[in-house]
Amino acid sequence: MSYNRVAMIDRRRALLFAALTLVFLSGVPAQSDGQTLQQGPFKRLAIRGAMIVDGTGGPPYGPADVVVEGDRITQIRIAGHPLGRIDEAGRPARGDHEIDARGMYLLPGLIDSHVHIPGPASKRTGLGPEYYYYLNLAHGITAVVDVVSSDGLKWTVDLSGKVRNNEVIAPRVFPYARLSTDGYPVGFDFAGPITTPERGREWVRAVTKAGAVGLKLRGNPPKVTAAILEEARQLGLKTTMHLEQRGAGRLNIVEAARMGLGRQDHWYGLAESMLAERSIPHWEPDYVYNNEQDRWRDAGRTWQQAVEPGSPEWNKVMDELLGLDFTLAPTQFFYDYLRDTAARRRADWHDEFSSPGLLAGWELQIGNHPGILDWKTEDEANWYHFFYKWQRFLKEYNRRGGRIVAGSDSGSGYGLYGFGLIRELELLQQAGLNTTEVIRSATLYGAEFLGVDNDLGSVEVGKIADLFLVDQNPLVNLKVLYGTGHLRYSAEKGRTERVGGVKYTIRGGVVFDAVQMREQIKRMVRDVKRGPASKTAQN
């Protein structure tokens, strides 16, 4: 589908729902009720007086001036003492554009390592794809890994190119191709099912030629999986797997890692690699996988069946995965919903940021995902126990040098885009990572797994300027990264106040006003609530 065709579809949808959305071209500032959403890139951008959290795992430093020329960081200079005055001597020369970042923290742009972009063909949001793009950029997310390319691999690859060329306001996109458990390619014209190793290799070659940079598998037959992983390695593609329960009887995540799998998404296959009393998890006799009530209820008992933390079998699994340089993308945010469904349904972000289309798709109904229809206290209790062992593994894996990346898997279970990744960061802290380690997981580690850490993932001279600024210290409180800000009581003011929220997001030297972007999202949601989509959702 051509860019003009995509733009035409988006404009029609925007008009239908009275959403104020546009597709913007490079070099033309995007406007929102007279406010500029986008500026740059500039010949010389100077960010003045920021405290820097560089993403490498080192402590904050500054105040410092950062110079960006075009899309690259060319200078970082200390500009004084944090408790004293700015030292004007030796500061970099003025830029074409300046940001006064005194009192702000500058971080690398966040990388959401597991997303499903709702493109033009998606009916999930009831709004154009700009709604999704803005929610991410407004949270400092400058890159996403689309592990499904559900609107078609061609569309996702085309979007990735348009972002690189600044033809659309969006995070940069890493497009993956997906193969279903039954062997059918998703969003790509290739005859399935793929049931032989050679057909698997042919599929890998075809999606590589089409522009995929990675593959997502879901537990295909072991011989097919091994052939696909070997072909992907030879062609330089990254690989990840959602080893769904239907595939867990013949393959676990350690066996897949031995074949060359690079990353596990979610948790499937990890607990199954170290069960205490059996070789496959216990399923209730009347379990049916396609009944998601059964699926999630039984899944909540899986980690309870694993061996105890620190036991020989536990350490054996961890040792082998560490030795293989295996990456974990836990996406705890999705499963956190199953621990307290009422809290997620009433999350702060829904009133102003969640579209009626998404809210309707999250109701407890057959066909919605996750399809829990009668979720009891016992079910939530099981998922609390599930998290106990799972997070113990994550903490120890991180402590021993394993790579954990941050991915939100937003879009289901009252989990809103953008907000979901910030909650994922909180859950990584809950698992035992300190906040510096958490930021590293969402920045440098994400870039390392993708093989782009020479360009992205940290605030360093020579790297691409994917950055964001926030006026609170996120290492003290990750909640200040939420688009709703952090609610606290101010003794000085004698009332509650909201602080934080990303101020500016910078992708490739292009500066986005994150505050105005969030206001634009709110207007889009208000407008669609006034229109026919809202009435339909309420009936």
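Among strands (runs of 3 or more DSSP E) entirely within the stretch 427-538, having at least 2 residues that are assigned by TED's automatic domain parsing to the domain that holds T74 and surrounded by fewer than 20 Cβ atoms within 10 Å (Cβ to Cβ) singles out 486-490, 495-499.
The criterion of being within 23 Å of E313 (Cα to Cα) and surrounded by fewer than 22 Cβ atoms within 10 Å (Cβ to Cβ) does not hold for E167. Assess whether L359 counts as being without any contact (Cβ under 8 Å) to a residue 24 or more places away in the chain and either assigned by TED's automatic domain parsing to the domain that holds W314 or assigned to a helix (DSSP H, G or I) (or both). No.
Selection of first residues in the stretch 302-327 that are in the same structural domain as M274 (by TED's automatic domain parsing) and of second residues that are among the aromatic types (F, W, Y), restricted to Cβ pairs under 6 Å at least 6 apart or on distinct chains, gives the following pairs, ordered by first then second residue: W303/F386; W303/W390; V307/W314; T327/F449.
Might you check whether a residue that is over 30 Å from K522 (Cα atoms), among the β-branched types (V, I, T) and under 17 Å from the mean Cα position of the chain (by Cα) occurs anywhere in the stretch 429-438? No: zero hits. Give the residue, chosen from D348, D294, that is without any contact (Cβ under 8 Å) to a residue 24 or more places away in the chain and either surrounded by 14 or more Cβ atoms within 10 Å (Cβ to Cβ) or assigned to a helix (DSSP H, G or I) (or both). The conditions single out D294.
When restricted to residues that are touching a Ser or Thr at 6+ places or on another chain (Cβ under 8 Å) and either more than 28 Å from N368 (Cα to Cα) or among the acidic types (D, E) (or both), the stretch 403-441 contains 7.
Here the stretch 297-323 is the region considered, the condition is being among the charged types (D, E, K, R) and in a loop (DSSP other than H, G, I, E, B), and the residue that is surrounded by the fewest Cβ atoms within 10 Å (Cβ to Cβ) is E308. All of (1) without any contact (Cβ under 8 Å) to a residue 12 or more places away in the chain; (2) not in a helix (DSSP H, G or I) hold for K209 with one exception: (2). Could you go through the stretch 383-405 and let me know if any residue there is surrounded by 14 or more Cβ atoms within 10 Å (Cβ to Cβ), more than 23 Å from the chain's Cα centre (by Cα) and over 25 Å from P118 (Cα atoms). Yes, some residue in the stretch 383-405 is surrounded by 14 or more Cβ atoms within 10 Å (Cβ to Cβ), more than 23 Å from the chain's Cα centre (by Cα) and over 25 Å from P118 (Cα atoms). Scanning the stretch 89-125 for residues that are surrounded by fewer than 18 Cβ atoms within 10 Å (Cβ to Cβ) and of a type in the set (G, A, S) gives A89, G90, A93, G103, A121.
Against the definition (surrounded by fewer than 21 Cβ atoms within 10 Å (Cβ to Cβ) and farther than 22 Å from I404 by Cα), how does D151 come out, yes or no?
No.
The condition of being under 21 Å from D455 (Cα atoms), buried (at least 20 other Cβ atoms within 10 Å of the Cβ) and of a type in the set (G, A, S) does not hold for G128. Here K216 meets each of (1) of a type in the set (K, R); (2) within 23 Å of S150 (Cα to Cα); (3) not in a strand (DSSP E or B) with one exception, condition (3). The one condition from (1) touching a helix residue (DSSP H, G or I) at 6+ places or on another chain (Cβ under 6 Å); (2) within 14 Å of L270 (Cα to Cα) that L322 does not meet is (1).
The values are calculated or read from the model by the stated rules, or taken from the named source; none is laboratory data. All of these numbers come straight from a predicted model, not from anything done at the bench. Counting neighbours? That spans all protein chains shown, and the Cβs are built from the backbone with ideal geometry, glycine included.
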